[in-house]
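For reference, the structure discussed in these notes is given below.
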Amino acid sequence: MSMTRERWGPYPLVLVGAVLAVTFGVLLDPEWGGFSLGAVMALGAVFRLAGGGLLAVRAKATDTLTLGAFGVALMAGSLVLEYPELMPL
């Protein structure tokens, strides 16, 4: 019987970053907590593009585009909340 080891890869780093970002957003500053959570998600997209480990759920392109789009949307939304003059309309 062969045993295969799971590759954790960057999963713990992304998980700890997300927990810290949510904690920061709840306890201190919601706008910058959202920005940091978006940055962690965008970083997760880069890690998934490079391999992924346990971040691999679907096809590489699907995972990367989903994480990247949500990460950029969170960062953009939190910047608009912090600086309303950035809103285009």
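The values are calculated or read from the model by the stated rules, or taken from the named source; none is laboratory data. Keep in mind that what you see is a predicted model, and the values were worked out from it rather than measured. Cβ placement follows ideal geometry from the backbone for every residue including glycine, while neighbour counts extend to all protein chains displayed.
Observations, loosely collected:
- Criterion: over 17 Å from S78 (Cβ atoms) and modelled with pLDDT of 90 or more - qualifying residue of V22, V46: V46
- Residue selected from region 49-87 under the condition in a helix (DSSP H, G or I) and among the hydroxyl-bearing types (S, T, Y), by the criterion surrounded by the most Cβ atoms within 10 Å (Cβ to Cβ): S78
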